[in-house]
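Everything on this sheet refers to the single structure shown next.
Please treat every number below as a calculation from the coordinates, not as lab data. Predicted model only: the values in this text are computed from it and were never measured. Glycine gets a Cβ as well: all are built from the backbone with ideal geometry, and neighbour counts include every protein chain shown.
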C-alpha cells in the first residue's frame, strides 16, 4: 500500500510519512516509529505531520499514554508498480530488458 497518486505531489517528507503509515494502516505508528522510517529531521517531520493533519489525511489518537498516528482511508490506495513506472521503464519492460 502507498499514498494515492493524487497525494504524491506533496513534499518528499509528507509522501514518505503517508507511505510509512500505509504499511501499518491498522495499528498506526508513533512519532518515534515514523522518525525511524522517514529520512527527515524532527522539525521536517513535525511540519509534515501538521500539514497532513490540517488537510485531513492523517488522524492522531491517544492510546495507552502514547500518540498513535493513522492514515485516513481516502489517502491510501493499492500499490501498482506499473502506474509509477517512467516511460523509459515501460519501454524496457516491453522490450524484455
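So what is the 222 nm mean residue ellipticity for the chain from helices alone, if each DSSP H run of at least 4 adds -39500 (n - 2.57) and you divide by all residues, rounding to the nearest 500 deg cm²/dmol?
Result for the chain, helices only: -12500 deg cm²/dmol.
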- Task: For the range 1-61, just say rounded, prolate or oblate: build the C-alpha gyration tensor, square-root its eigenvalues into a ≥ b ≥ c, call rounded for a/c under 1.5, and beyond that prolate if a/b exceeds b/c, oblate if not.
- Result: rounded
- Of 12, 73, 41, the most mobile residue in a GNM of the chain (C-alpha springs, cutoff 10 Å) is 41
- Query: Using Cα pairs under 8 angstrom and six or more residues apart, how large is the relative contact order of the chain, in percent?
  - Reply: 33
- Query: Label residue 50 and residue 36 with points 7 Å out from Cα along Cα→Cβ: what is the distance between them in nm?
  - Reply: 2.6
